[in-house]
Structures are given as C-alpha cells and as structure tokens.
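The next block holds one structure in the form of structure tokens; read it before the comments.
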Amino acid sequence: MNLCAVSGATCTASVWIPCRYESMLEQALHEAVYASGEVHSIITRHVHQTRPPTYYETNKFTSSFQSIVDSYGMARYKEVNPGVFTIITFPYLFGIMYGDIGHGILLLCISLFFIYKERSWTGQPLNEIIGMIFGGRYLLLLMSLFATYMGFLYNDFFGFSVNIFKSGYTWPSLETRNKSEHTMYPSNPNGLPSVKPPHVYVFGLDVAWAETENKLEFYNSVKMKCAVVVGVTQMFAGVILSLNNHIYNKDWLRIAFLTVPEFLFLLVTFGYMSILIIVKWCTTWESTHDAPSLLETMTNFFLQPTSLSNPLFAGQMGLQIFFLLVALLMVPLMLCGMPVIEYRKYQRYLARQRNGFPHLDVMRNDTAIPAQRTTARQEPVASGYDAQQTEGPQTELVSDGDANLSDAFNDEAVDIIGEQLEGDDKDHEKYADFEFSEVIIHYVIHTIEYVLSSVSNTASYLRLWALSLAHAQLSEVFFNFALVKLLSSDSTGILVGFGVLAWLGATLAVLVGMEALSAFLHALRLHWVEFQNKFYIGDGIPLEPLDLCS
C-alpha cells in the first residue's frame with residue numbers, strides 16, 4: 001500500500017502487466033470485488049509512459065539460454081533478443097572448441113543424468129556447483145550434442161582418429177615403406193602418389209591424415225580457416241540484427257548512414273577474406289606450392305593494393321582495388337553522416353521552440369488528481385505498471401467521482417495524445433543539453449571502435465581454432481603416456497590397470513571438467529563481445545512482478 005497514491009476514499013496504483021495477462025487481471029479484480037463486496041475497481045490505461053520494462057516468458061529449456069543474455073544486460077523494450085539465437089550458436093561454438101566424440105558422449109551422459117533427476121531435484125536444496133549445473137542441464141545437453149557432432153567432423157575420439165568410413169587414400173605396404181628413404185604419402189590403388197584422393201571421405205576429415213607427418217599443419221589450416229569463416233558469419237548476423245532493430249524503430253537515417261556502411265565495410269574486408277578461403281578450398285591445385293597465400297594476399301590488400309603476385313582468379317586485382325576504395329569511403333560516411341543529421345534535427349527542434357511549440361510538462365504527481373486504477377497503452381509485452389519502474393510523466397484519465405470521464409477519450413484519441421506527448425518528451429530529453437562537440441566525439445569513437453573491432457573480433461574468433469587444437473593435443477598426450485606406452489612395454493596387468501585409472505582421472509578432471517569450463521567461458525565471451533556488441537544495447541529494465549508472499 002505504500003506504493004499506492006491515496007486521496008480520500010480513492011486508492012490509485014500504477015502498475016505494469018504483460019498484455020496477455022490483462023484479461024486475467026480484470027477477472028481477478030472482478031472476483032475479488034464480488035467476494036469482498038467493495039466498490040468496483042476501474043482499470044484504464046495511461047496516455048503515455050517512457051521505458052517500459054522487458055519481460056520474457058521462458059520455460060525450463062530456454063531459461064538457461066536467456067540467463068546467459070540477461071547476465072550481460074536486459075534487453076530494451078522491443079529490442080531484438082539474442083537469447084533466441086544463443087540456443088543454437090552458443091552450443092555450436094562450444095562444440096567447435098570441444099569437438100571430440102568420446103568427451104561429447106561423456107558430457108551427454110552427465111546431462112541426461114541431470115535431466116533424469118529433474119523431478120526429484122527441482123525445488124530441493126543442492127550444492128552450489130551441482131545446482132548451477134542442474135539449472136543448465138538442457139544447455140549442457142545441447143553442448144554435448146554439438147561437441148559430439150564436431151567430433152565426428154574432426155574424426156576425433158579421445159584424441160585419435162577412427163576409421164568409420166572408407167578412406168580416400170591407400171597406404172603403401174610396410175615393406176615398401178621400410179625400403180624407401182623418403183617421406184611416404186598416401187597413394188592411389190595404382191601405386192602412384194596422389195595429392196587429391198580418388199573420392200572424398202564421406203563425413204569429416206579423412207582418417208589417413210592421422211598418420212601423416214604434416215597432420216598438425218593440415219589440421220591447423222582447416223580449423224583456423226573454419227574459425228575465421230564462422231566468426232565473420234556471426235558478425236554479419238549481428239549487423240543484420242542491428243538493421244532489424246532500426247527498421248522496427250523506423251530509424252531510416254541511421255540505417256543509411258550507420259548500419260549500411262558498417263555492413264559494407266565488413267563485407268569488402270573480412271567478408272572478402274572469407275570468400276577467398278572458400279574459393280581456395282574449392283579449387284583443385286596440382287601442387288600445394290601453386291596455391292596462393294591468403295595471408296600475403298590480405299596483407300597486400302591493405303598495404304599494396306596494386307601488388308598481386310599469385311591471383312586466385314581472373315580480375316582479382318581490380319576487384320580488390322574497388323573493395324579497398326569502398327572500405328575507405330565507408331569510414332568518413334560513418335564518421336560524418338550521423339553528426340550532421342543530429343545537428344539538423346537539433347536546428348529543427350530549436351525552430352519549433354521559437355515558433356511557439358514549447359515543451360509540454362505533463363503532471364508527474366499521481367496524487368494531484370485522484371483516480372481509479374490505471375495502466376498504460378502498450379501494444380506488446382508490457383502495458384502500464386509499477387510506479388517504481390515507471391520513469392517519466394504519467395497522466396491520469398479518470399478522476400475521483402467522475403468515472404465517466406474516461407468515456408470521453410476513445411482508443412484512437414488516447415493513442416494520438418500519447419504519441420504526441422511521448423515524442424515531445426523524447427525531443428526535449430534528447431536536445432535539452434545538446435552539445436554538437438559531444439556528438440562528434442561520440443561518433444568518432446564509434447567509428448574508430450568499429451573499424452578496430454572488425455580486426456580484433458575476427459582475430460578473437462581464432463580462439464575456436466586454438467582451443468580445439470589444445471583439446472586434441474591434450475587428449476592425445478594423455479592417451480599416449482597413460483596407456484599406449486604401458487601397453488607397448490612388458491608391463492604387468494596391475495600397471496596397466498593403474499594406467500587406465502590415471503588416464504580416466506586425467507580425462508574426467510582436465511578434459512571433461514577444466515577444458516569444458518574453459519570452452520564454455522570462451523563461448524560466453526564470443527557472444528557477449530564479438531556478437532552482441534554489433535546490435536545489442538542491453539540497458540533495459542527487467543519486469544519485477546509484485547509477490548505478496550515474498
């Protein structure tokens with residue numbers, strides 16, 4: 001009752017409620033009035049209000065994914081929710097870093113155990129760590145499935161390749177290999193050395209690469225390029241989501257002078273690099289020495305655009321010069337476009353003020369006019385509420401003793417008045433302390449940050465390759481030192497048993513425990529920084545429902 005405005009016999013409460021529950025509120029009030037015999041309560045909507053709270057209705061499956069986003073910041077009202085995309089992208093990035101069939105199956109068993117205990121453990125006091133894992137059991141389930149899937153792509157089972165499908169290479173016999181003093185390469189059935197196999201491995205990496213001397217070089221090349229392509233693709237998705245936000249808000253000038261230049265800059269630089277990677281993959285090279293170096297190509301793209309020693313396709317030099325000019329043109333467009341537009345808007349605002357349209361201050365004191373219970377007109381998730389969370393002016397429509405006053409305003413009139421007052425409030429709040437120099441500084445910082453972050457964020461996605469490589473090498477080292485060496489020597493069964501226990505302990509403690517946590521934290525960083533900074537503001541107000549029991 002301390003949050004209500006009391007005047008005489010009237011008690012006014014300003015609250016927020018999701019629109020889908022408005023009929024339930026009316027029914028609950030009707031039942032309460034009927035049971036108590038009190039005077040009927042009147043529900044109306046506020047003419048306008050600022051910054052409604054954000055509310056997402058989650059279930060036991062989506063709650064853990066939404067909590068990942070909410071830990072960074074609550075979305076603004078009507079802002080794109082990254083939690084929807086996190087359901088797939090987060091486990092996928094985790095799987096890239098943790099790709100192993102055996103370790104993925106172990107995580108899958110752990111997640112299925114927690115899901116099996118769901119009914120008996122829900123609502124029960126648990127250990128802090130166990131409770132945290134139990135709360136994210138469905139997140140762990142998808143992480144384990146993607147880790148297993150990527151393990152099949154890497155052809156990695158506890159650090160070793162598995163010959164699941166027929167290899168595209170045929171290894172020479174041991175006698176031939178022992179007689180030769182040179183490095184042996186996989187050969188075709190006719191015995192001739194081959195760089196290109198006669199057929200492609202059905203799924204994932206060919207098992208033959210596991211026994212080659214240059215396997216680490218090959219794995220590094222594939223995983224590093226995949227990390228770059230995946231990272232650039234996710235950054236493009238972030239820019240497109242930013243475009244969706246601006247389209248919904250009908251901010252066409254920001255789209256033209258900010259979002260489109262950002263998209264084009266990323267497209268002609270690192271998007272172009274990703275296309276080169278795919279083109280190089282799809283090109284048949286008679287000798288690996290004939291393939292151009294993408295590192296040299298991209299270095300010359302920025303430093304020596306007219307120098308291209310080994311082109312990947314015809315007309316590449318002209319295309320690169322054009323792309324570089326587009327990238328250079330986008331920088332001043334991002335830098336100067338929005339400051340000029342903001343200054344023009346400020347001049348129009350001053351002109352309106354001089355022409356007799358001053359800012360209209362709406363009454364902010366709920367006790368000034370006694371009124372019945374009121375809410376605000378909002379189309380989507382939330383509609384009018386909670387006096388503590390309401391920031392900005394509120395107008396009461398129904399006064400004490402004259403409930404019919406609300407009939408004078410139909411829905412259309414309320415909408416028009418609300419839009420006018422809200423627009424006037426926004427302009428006054430935005431331009432009351434307008435400083436053109438601060439606007440210029442803001443967009444200078446934004447432009448520099450975006451250009452530099454395009455480079456740093458792309459490099460940051462290389463952690464996908466680094467952690468995947470570290471995970472595979474640790475798995476191989478543990479298996480070799482704990483089992484292979486003992487099995488290859490004249491060891492007793494007791495020593496072999498101790499070796500198995502040591503390998504199992506190292507696998508569970510280091511690879512399943514520490515490595516999984518490390519991959520989780522890195523995937524969290526990639527979403528919070530590299531992905532969400534392209535479109536997500538995250539300064540919204542969470543809806544906090546009133547709970548009388550608490």
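The values are calculated or read from the model by the stated rules, or taken from the named source; none is laboratory data. Since we're looking at a predicted model, the values are computed, not measured. Every residue, glycine as well, gets a Cβ built from its backbone with ideal geometry; the counts of neighbours run over all protein chains shown.
Could you name every one of the helices (runs of 4 or more DSSP H) located completely within segment 435-510 that has at least 2 residues being surrounded by 13 or more Cβ atoms within 10 Å (Cβ to Cβ)? Spell out the reasoning first.
Numbers: elements: 436-460, 463-479, 485-488, 493-506.
Answer list for segment 435-510: 436-460, 463-479, 493-506.
Are any of the residues in segment 274-288 without any contact (Cβ under 8 Å) to a residue 12 or more places away in the chain and either of a type in the set (A, V, I, L, M, F, W, C) or at positive phi (or both)?
yes
Tell me the residue from Ser120, Ser64 that is surrounded by fewer than 14 Cβ atoms within 10 Å (Cβ to Cβ), among the small types (Gly, Ala, Ser), assigned to a helix (DSSP H, G or I) and modelled with pLDDT under 95, please.
Details: Ser64 fails: surrounded by fewer than 14 Cβ atoms within 10 Å (Cβ to Cβ).
The match here is Ser120.
Take Glu213 and decide whether it is acidic (Asp, Glu), over 30 Å from Lys345 (Cβ atoms) and part of a helix (DSSP H, G or I).
no
Residue check, Thr297 against (1) touching a residue at least 60 places away in the same chain (Cβ under 8 Å); (2) part of a helix (DSSP H, G or I); (3) not aliphatic (A, V, I, L, M), all met but one. Which one?
If we test Thr297 against (1) touching a residue at least 60 places away in the same chain (Cβ under 8 Å); (2) part of a helix (DSSP H, G or I); (3) not aliphatic (A, V, I, L, M), just (1) comes out false.
Tell me the residue from Gly102, Gly135 that is modelled with pLDDT under 95, more than 28 Å from Phe479 (Cα to Cα) and in the same structural domain as Ala519 (by the TED database), please.
Step by step, each of Gly102, Gly135 is checked, and only Gly135 is modelled with pLDDT under 95, more than 28 Å from Phe479 (Cα to Cα) and in the same structural domain as Ala519 (by the TED database).
Specify the residue that is nearest to the chain's Cα centre (by Cα); the eligible residues are those in segment 49-86 that are within 19 Å of Ser242 (Cα to Cα) and among the hydrophobic types (A, V, I, L, M, F, W, C).
This residue is Phe85.
Would you check which residues across segment 26-61 are assigned to a loop (DSSP other than H, G, I, E, B), touching a helix residue (DSSP H, G or I) at 6+ places or on another chain (Cβ under 7 Å) and of a type in the set (Ser, Thr, Tyr) and list them?
Ser41, Tyr56, Thr58
Please name all residue pairs, on different chains or six or more residues apart, with Cβ atoms under 9 Å, provided the first residue is in segment 158-172 and is over 20 Å from Asp100 (Cβ atoms) and at pLDDT below 85 and the second residue is part of a loop (DSSP other than H, G, I, E, B) and among the hydrophobic types (A, V, I, L, M, F, W, C).
Lys166/Val202; Gly168/Val200; Trp171/Met184; Pro172/Met184
Quick one: Thr507 ticks every box in (1) on the phi > 0 side of the Ramachandran plot; (2) touching a His at 6+ places or on another chain (Cβ under 9 Å) except a single one, so which number is it?
Thr507 satisfies every listed condition except (1).
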